[in-house]
Amino acid sequence: MKLFDVSAQLDERFGKEGTASRIEAEEKALAFFAGQIVTDARKKACITQAELARRIGSDRAYISRVESGKTEPKISTFYRIMTAIGCRVEFSMPI
């Protein structure tokens, strides 16, 4: 079994940690992840993009951009989206 260094691969592909290219890649990854959370929750709730958009006072195109990771919603909008789907959002901070 061949092992590889994930950090080295990330550095090679996206630049060293803290560089503009690495920060941009990390932001895109977070937007994609948020979109996947919304998509999965919406589908489990059997809600269309259009219905979700109506519930939060937006349009279907916006929901589509969020789900595809092209747009990362503000935290307040993410909370509204998840609440409209019927999910509870919790934040925790280790002490």
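What follows draws every value from the coordinates through simple rules; no lab data is involved. Owing to the predicted nature of the structure, the values given are computational and were not obtained by experimental measurement. We place every Cβ from the backbone using ideal geometry, glycine too, and count neighbours over all the protein chains shown.
Among all lysine pairs in the chain that are eight or more places apart or on different chains, how many have alpha carbons less than 25 angstrom apart?
Step by step, the pairs that qualify in the chain add up to 11.
Ala25: net charge of surrounding residues, Cβ under 13 Å, Lys/Arg +1, Asp/Glu -1, itself excluded?
-2
Along Cα→Cβ, 7 Å out, is where each label goes; now give me the distance between the ones at Asp40 and Arg60 in nm to one decimal.
2.5 nm
So if a site counts as exposed when it's one of the chymotrypsin sites (Phe, Trp or Tyr not before Pro), its DSSP state isn't H, G, I, E or B, and it has at most 14 other Cβ atoms within 10 Å, what's the longest stretch of the chain without one?
Result for the longest clean stretch: 5-90.
With loop defined by DSSP as not H, G, I, E or B, and exposure as at most 11 other Cβ atoms within 10 Å, which is the longest segment of the chain clear of exposed trypsin sites (Lys or Arg not before Pro)?
In the chain, the maximal stretch lacking such sites is 17-73.
Can you give the longest run of the chain that contains no GluC sites (Glu not before Pro) sitting in a DSSP loop with at most 12 other Cβ atoms inside 10 Å?
18-89
Just to verify a number: FRET efficiency for Cys87 and Glu26, C-beta to C-beta distance, R0 = 35 Å, to 0.05?
After rounding to 0.05, the efficiency reads 0.90.
Tell me, what is the percent relative contact order of the chain, built from C-alpha pairs under 8 Å that lie six or more residues apart?
Computed over the chain, the figure is 25 percent.
First obtain the Kirkwood hydrodynamic radius of the chain from its Cα pairs, then insert it into the Stokes-Einstein equation at 20 °C and 1.002 mPa s, and state the resulting D in µm² per second as a whole number.
142 µm²/s
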